[in-house]
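Heads up, the thing below is written out as structure tokens.
The values are calculated or read from the model by the stated rules, or taken from the named source; none is laboratory data. The shown structure was predicted, so the numbers you read here are calculated from the model rather than taken from an experiment. Quick reminder, even Gly has a Cβ in these numbers, built from the backbone with ideal geometry, and neighbours come from all protein chains shown.
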Amino acid sequence: MDMIKGIKGVKDILPEETPRWRLIEDAARRWSLCYGYQEIRIPIFELTALFARSIGAATDIVEKEMYTFPDRDGTSLTLRPEGTAGTVRAFIEHNRAANPLPQKYFYIGPMFRHERPQAGRLRQFHQFGVESFGTSDPRADIEVIALLWRLLSDLALPDLTLEMNSLGSSGDRAAYKPILLAFLSQRESHLCANCRRRMETNPLRVLDCKVPECRAATEEAPQLTNHLSPEARLHFDHVLAGLTAVGVPYRLNPRLVRGLDYYCLTSFEITSTHLGAQNAVGAGGRYDGLVETLGGPSVPAVGFAVGLERVSLMLPESSSSLLNECLYYVAAFGENGTRLGLVLLDEFRRIGLSSLCDYRATTLKAHLRQADRSQCRYAILLGDDEAARGSVILRNLESKAQEELPLAGLSSLLKSRKPSQ
Ligand code: ATP
Ligand code: MG
């Protein structure tokens with residue numbers, strides 16, 4: 001019969017790969033909790049209107065990347081393309097602003113975008129993100145950036161660069177737009193069709209275009225950071241000074257205009273030269289107006305999202321060795337050995353000693369072959385002879401050294417000796 005395959009751009013994460021995923025997710029959770037962020041789990045799908053209204057109708061995501069489908073009653077639903085909209089929706093819906101602010105959340109989970117699949121770009125991918133609500137102080141921006149930087153550095157990802165920009169206030173952008181448009185219209189013939197369209201819908205995004213001709217044509221474009229209001233300038237200066245104070249290095253990138261409409265003031269991205277074309281590892285910024293746009297009170301916010309596939313691609317090999325290891329292979333054979341082995345295995349597992357046994361093996365030889373294949377560190381040999389003596393033989397599968405130990409109290413004895421994993 002024909003085999004039904006998985007969907008293009010939607011990957012299985014197989015057991016060989018899950019240790020590195022656990023390592024990344026555990027580090028993300030640990031660093032988040034350490035900075036005072038709490039986990040939120042938001043739904044995989046939401047009303048389409050939520051994303052259209054928050055991310056912005058004229059963005060790539062909303063225009064062409066969303067998985068949108070009618071529910072059985074015709075309501076338009078969308079698989080979440082990112083996590084901020086859902087987190088803000090939950091924040092508003094549960095009236096969280098009535099509780100003391102600031103409130104800080106993090107999430108980890110799959111996101112969905114209909115993109116052209118390639119290395120580091122999938123249709124189902126995973127993000128870890130944080131959202132800090134209720135603080136307009138630049139120290140909140142510094143905190144989220146430092147959290148991301150510390151996490152990625154802790155994971156020993158190579159050649160990271162933090163790029164910083166300010167998008168100003170919405171007033172600043174409104175004042176800058178005609179200045180930019182005047183510049184762009186002089187060079188319109190050099191711009192790609194997409195950018196010519198963006199001049200109408202979202203001119204700032206022209207600066208972010210990856211097409212080399214567009215980049216060359218906008219090399220001399222007036223910079224938004226030279227047109228910031230004194231408040232926005234001060235905020236940006238504080239963020240940059242704070243990053244320097246806590247030792248997070250950065251580079252200014254006046255072209256950094258994020259693809260989502262809801263950003264204001266601080267905008268940042270972390271890239272790595274190790275990722276080829278898909279060089280962005282994570283990105284974020286301030287979105288002071290979003291809670292209000294989605295029908296909540298006026299609550300300032302700042303956050304980021306990082307792509308876990310890209311983190312995984314960059315994770316050094318050595319980081320994830322040993323993590324899938326089971327410690328003990330219980331080789332129980334013979335009538336009494338098998339009977340006692342069943343109980344021993346259960347006891348091991350209850351006490352937290354990882355252990356396994358191939359129930360198909362009935363002889364010592366067969367067990368030892370499976371033990372060697374299993375990558376366990378030790379085998380426990382328990383045949384009828386050992387059963388009669390009330391003991392087992394502990395065999396180190398690497399050095400082959402053996403010692404006889406009493407069967408009674410074996411699990412607690414080994415637990416107290418357990419090598420650190
Ligand atoms: P890109 O410029 O690579 O398209 P983006 O600006 O669309 O990224 P964001 O929406 O800010 O990205 O998402 C934050 C992070 O999520 C990115 O830096 C990236 O690591 C990851 N990411 C985004 N889209 C994908 C995807 N389709 N597949 C894998 N990871 C992704
Ligand atoms: Mg994208």
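Does the stretch 334-348 include one or more residues that are under 30 Å from Ser32 (Cβ atoms) and not in a helix (DSSP H, G or I)?
no
Scan the stretch 272-305 for residues that are within 10 Å of ligand 1 (Cβ to nearest atom) and modelled with pLDDT of 95 or more and report the count.
Number satisfying all stated conditions: 7.
Got a sec? Which of Arg113, Arg80 is within 27 Å of Asn279 (Cα to Cα), within 15 Å of ligand 1 (Cβ to nearest atom) and out of contact with any Lys or Arg (no Cβ under 7 Å at 6 or more places or on another chain)?
Result of the check over Arg113, Arg80: Arg80.
Residues of the stretch 365-411 being surrounded by 12 or more Cβ atoms within 10 Å (Cβ to Cβ), in contact (Cβ under 8 Å) with a residue 40 or more places away in the chain, assigned to a helix (DSSP H, G or I) and among the small types (Gly, Ala, Ser), which ones?
If the condition is that a residue be surrounded by 12 or more Cβ atoms within 10 Å (Cβ to Cβ), in contact (Cβ under 8 Å) with a residue 40 or more places away in the chain, assigned to a helix (DSSP H, G or I) and among the small types (Gly, Ala, Ser), then Ala371, Ser374, Ala387, Ser411 are the ones that fit.
Of the residues that sit in the stretch 51-65 and are among the aliphatic types (A, V, I, L, M) and surrounded by fewer than 17 Cβ atoms within 10 Å (Cβ to Cβ), which one is farthest from ligand 2 (Cβ to nearest atom)?
Looking at residues that are among the aliphatic types (A, V, I, L, M) and surrounded by fewer than 17 Cβ atoms within 10 Å (Cβ to Cβ), I get Ala57.
Could you tell me whether Pro43 is closer than 17 Å to Gly296 by Cβ, away from ligand 2 (no atom under 16 Å from the Cβ) and surrounded by fewer than 17 Cβ atoms within 10 Å (Cβ to Cβ)?
no
Considering only residues that are surrounded by fewer than 17 Cβ atoms within 10 Å (Cβ to Cβ) and hydrophobic (A, V, I, L, M, F, W, C), which ones fall in the stretch 222-239?
Of everything in the stretch 222-239, just one residue is surrounded by fewer than 17 Cβ atoms within 10 Å (Cβ to Cβ) and hydrophobic (A, V, I, L, M, F, W, C), namely Leu234.
Kindly evaluate Phe133 against the criterion of being of a type in the set (Phe, Trp, Tyr), more than 16 Å from Val302 (Cβ to Cβ) and either within 16 Å of ligand 1 (Cβ to nearest atom) or at pLDDT 95 or above (or both).
So Phe133 fails the test.
Within 14 Å of ligand 1 (Cβ to nearest atom), of a type in the set (A, V, I, L, M, F, W, C), in contact (Cβ under 8 Å) with a residue 24 or more places away in the chain and part of a loop (DSSP other than H, G, I, E, B): does that describe Leu157?
The answer is yes for Leu157.
Kindly evaluate Thr293 against the criterion of being out of contact with any helix residue (DSSP H, G or I) (no Cβ under 6 Å at 6 or more places or on another chain) and in the same structural domain as Gly120 (by TED's automatic domain parsing).
Yes.
May I ask you to list the residues in the stretch 278-301 that are of a type in the set (A, V, I, L, M, F, W, C) and more than 16 Å from ligand 2 (Cβ to nearest atom)?
Selection gives Leu290, Val291, Leu294, Val299, Ala301.
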